[in-house]
Amino acid sequence: METSSRKQSFSQALSIAIPEADGLTGTWARVPGTVVPFPELLDTRPAVHPTAIVAKGAELGPGVVIGPFAYIGPRVKLGEGTQVGLHAILEGRTTLGPRCQVHHGAVIGNIPQDLKYRGAPSEVVIGHDTVIREYATIHAATEEHESTIVGDHVLLMAYAHIAHNCRIGNHVILANAVNLAGHVRVDDYAIIGGMTPVHQFVTIGCHAFVGGGSRVPQDVPPYVKAAGNPLRACGLNSTGMDRRGIPAEVRLELKRAYRILYRSQLNVAQALSKIAHDLKPYPEIHELVEFVRSSERGIVR
């Protein structure tokens, strides 16, 4: 009787939170182009499928839905309205904000693939409204009190991997099978194309775009497009900047900065000096200059 009741409550919660959800499997699908409003979740109890395992100590916010055969560890915290698909594994000291989606087979919070790891308590922290697709993996940090961080409104497509101590900003997109090594930083609104490995300690600047199938051994400055093997800068991410509402006059000044940095005969230090002296002091110009100036691995050329 109890099992039947749990099945019924799970199906009811799915139908409320996700009208197109399959009440049997716990997966969600919707007609392309439709907008499904989230219900008021403050008084909605978590719905856990009877085959899922939620360890004692896990914290589930209002409206959380846990699908079949998922595992939620004892130190996991899930924000209100977060949905966990079938066979997903969330373990370790892992925190997800409100309204995240974790799809089939994703693994979050597992110990790092780092030989220096000695069992220190470290974390994975994920913001709100982030989508983690099938079989993506996010590993905990290596040392005590360190964190692997993923921001808000991030899309991790299937089989993407985020290694220990990475820091992912807001509105970032990692396409299928992107692999980030340890300590990589990806700033807001950056996009990385599929099948792309990123070397450890590399930084990818805000609004940058990295083409699929590339190998990224050096930093990619903000607003810059890069692609190929070996990786080369190939202009500005004008489409992305236009979509983000960056004004035309700022985009023009960034284009001038790009030409000085990449098309002149000046070395990097000379180019930065000329950009800072000759161009208008927009915040975006300052950000570009400071990014290149502070790069430890050197920028993609």
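Would you confirm whether any residue within segment 102-114 is among the charged types (D, E, K, R), at pLDDT 95 or above and open to solvent by 50 Å² or more (accessible area, probe 1.4 Å)? Can you show your working first?
Start the filter on segment 102-114 by keeping residues that are among the charged types (D, E, K, R), which leaves 114.
Then drop every residue that is not at pLDDT 95 or above, which leaves 114.
Restricting the remaining residues to those that are open to solvent by 50 Å² or more (accessible area, probe 1.4 Å) gives none.
No.
Of the residues that sit in segment 272-301 and are open to solvent by 90 Å² or more (accessible area, probe 1.4 Å) and part of a helix (DSSP H, G or I), which one is farthest from residue 183 (Cα to Cα)?
277
If you scan segment 256-271, which residues turn out to be under 22 Å from residue 209 (Cβ atoms) and either touching a residue at least 60 places away in the same chain (Cβ under 8 Å) or surrounded by 14 or more Cβ atoms within 10 Å (Cβ to Cβ) (or both)? Spell out the reasoning first.
Step one: of segment 256-271, the residues under 22 Å from residue 209 (Cβ atoms) are 256-263, 268, 271.
Within segment 256-271, 256, 257, 258, 260, 261, 262, 268, 271 qualify.
Quick check: anything in segment 173-186 touching a His at 6+ places or on another chain (Cβ under 6 Å), at negative phi and not in a loop (DSSP other than H, G, I, E, B)?
Checking segment 173-186: at least one residue is touching a His at 6+ places or on another chain (Cβ under 6 Å), at negative phi and not in a loop (DSSP other than H, G, I, E, B).
Which of the residues belonging to segment 94-121 are within 17 Å of residue 145 (Cα to Cα) and without any contact (Cβ under 8 Å) to a residue 40 or more places away in the chain?
Taking segment 94-121 first, the residues within 17 Å of residue 145 (Cα to Cα) are 94-95, 109-112, 114, 116-121.
Once the filter is applied, which keeps residues that are within 17 Å of residue 145 (Cα to Cα) and without any contact (Cβ under 8 Å) to a residue 40 or more places away in the chain, segment 94-121 yields 95, 109, 110, 111, 116, 118, 119, 120, 121.
Within segment 200-223, is there a residue that is part of a strand (DSSP E or B) and among the charged types (D, E, K, R)? Give the derivation first.
We begin by selecting, within segment 200-223, every residue part of a strand (DSSP E or B); these are 203-204, 209-210, 216, 219-220.
Going one step further and asking which of them are among the charged types (D, E, K, R), we end up with 219.
Within segment 200-223 (the criterion being part of a strand (DSSP E or B) and among the charged types (D, E, K, R)), the answer is yes, since at least one residue qualifies.
Could we say that residue 229 is of a type in the set (S, T, N, Q), assigned to a loop (DSSP other than H, G, I, E, B) and surrounded by fewer than 16 Cβ atoms within 10 Å (Cβ to Cβ) here? I'd like the intermediate steps shown before the answer.
Numbers: of a type in the set (S, T, N, Q): yes; assigned to a loop (DSSP other than H, G, I, E, B): yes; surrounded by fewer than 16 Cβ atoms within 10 Å (Cβ to Cβ): yes.
Taking the combined requirement at face value, the residue satisfies it.
The values are calculated or read from the model by the stated rules, or taken from the named source; none is laboratory data. Bear in mind that the values here come from a model prediction, so they are computed numbers and not experimental data. Here the Cβ is made from the backbone with ideal geometry for all residues, glycine too, and neighbour counts use every protein chain on show. To get the accessible areas, we keep the full protein, side chains included, count just its heavy atoms, and leave off ligands, DNA and RNA. Shrake-Rupley method; radii C 1.70, N 1.55, O 1.52, S 1.80 Å.
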